[in-house]
Structures are given as structure tokens and as C-alpha cells.
Amino acid sequence: MISPEEVQKILEKAFPGAWVSAEDMTGTGDHFDIVITSAQFRGKPLLEQHRLVQAALAGEMDKRIHAIKIKTRIPA
């Protein structure tokens, strides 16, 4: 089990300066709804943006995270 705060910290480290929200969708600590706004997504297609987020969480996806729902945004 991993907390939403831990997920958020991992993503904030991987995407410095990003705004990150992570919510536990089921209350079991293994399904997360993630929203992240980062300038690192600029110029990248949506699939690549999501792959960057998945890569940042890869270590936990193998262990404590079962599923994620991702919404990426580019700051104005």
C-alpha cells in the first residue's frame, strides 16, 4: 500500500516545478487518479506524456500500485 502523498512526492521529484494531485480511487492504496501539470509535457503527444508519468512510477507499479488514471496538462 502507498499513500497519495507518497505518489505525489515521487511525481514532484520527477517533474520539478509541476503541480501534482494524487487521489486514492478505491481506498485500498493501490488505485490512483493522478492529475499533473508540467512544462515538461510541452511539445509531446499525450501518449508520451502518460509514458513519462508511468516511467516515474515504474518502481511502485511493480510493487504497490495496481492501476493509475492519468490526466496531464501543460501550463499556460
- line: When the chain is treated as a Gaussian network with springs between alpha carbons less than 10 Å apart, the largest mean-square fluctuation among ASP24, ASP33, ASP62 is found at ASP62
message: Suppose R0 equals 25 Å. What FRET efficiency, 1/(1 + (r/R0)^6) with r the Cβ-Cβ distance, do ALA55 and GLU5 give to the nearest 0.05?
response: 0.75
statement: If one builds a Gaussian network model of the chain from Cα atoms under 10 Å apart, the most fluctuating residue listed among LEU46, LEU57, LEU11 is LEU46
message: Given points 7 Å out from each Cα along the Cα-Cβ axis, report the LYS71 to LEU47 separation in nanometres with one decimal.
response: 2.3 nm
message: Out of the total accessible area of the chain (probe 1.4 Å, heavy atoms of protein only), what percent is carbon and sulfur?
response: 53 percent
query: Which loop-located trypsin sites (Lys or Arg not before Pro) does the chain contain, where loop means any DSSP state but H, G, I, E or B and the Cβ has at most 16 other Cβ atoms within 10 Å?
result: ARG42, LYS63, ARG64
query: How much area per residue is accessible in the chain when the probe is 1.4 Å and only protein heavy atoms are counted (Å²)?
result: 61 Å²
- prompt: Relative to the present Cα-Cα distance, how much length would full extension add between ASP24 and GLN40 at 0.36 nm per residue of separation?
  reply: 3.3 nm
task: Report the residue, chosen from GLU48, GLU12, GLU23, that carries the largest GNM mean-square fluctuation when the chain is represented by alpha-carbon nodes joined by springs under 10 Å.
output: GLU48
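The values are calculated or read from the model by the stated rules, or taken from the named source; none is laboratory data. Note that the coordinates shown come from a computational prediction; the quantities given were computed from them, not determined experimentally. FYI the Cβ positions are ideal-geometry reconstructions off the backbone, even for glycines, and counts take in every protein chain you see. Please note that ligands, DNA and RNA were not included when accessible areas were found on the heavy atoms of the full protein model with its side chains. Shrake-Rupley method; radii C 1.70, N 1.55, O 1.52, S 1.80 Å.
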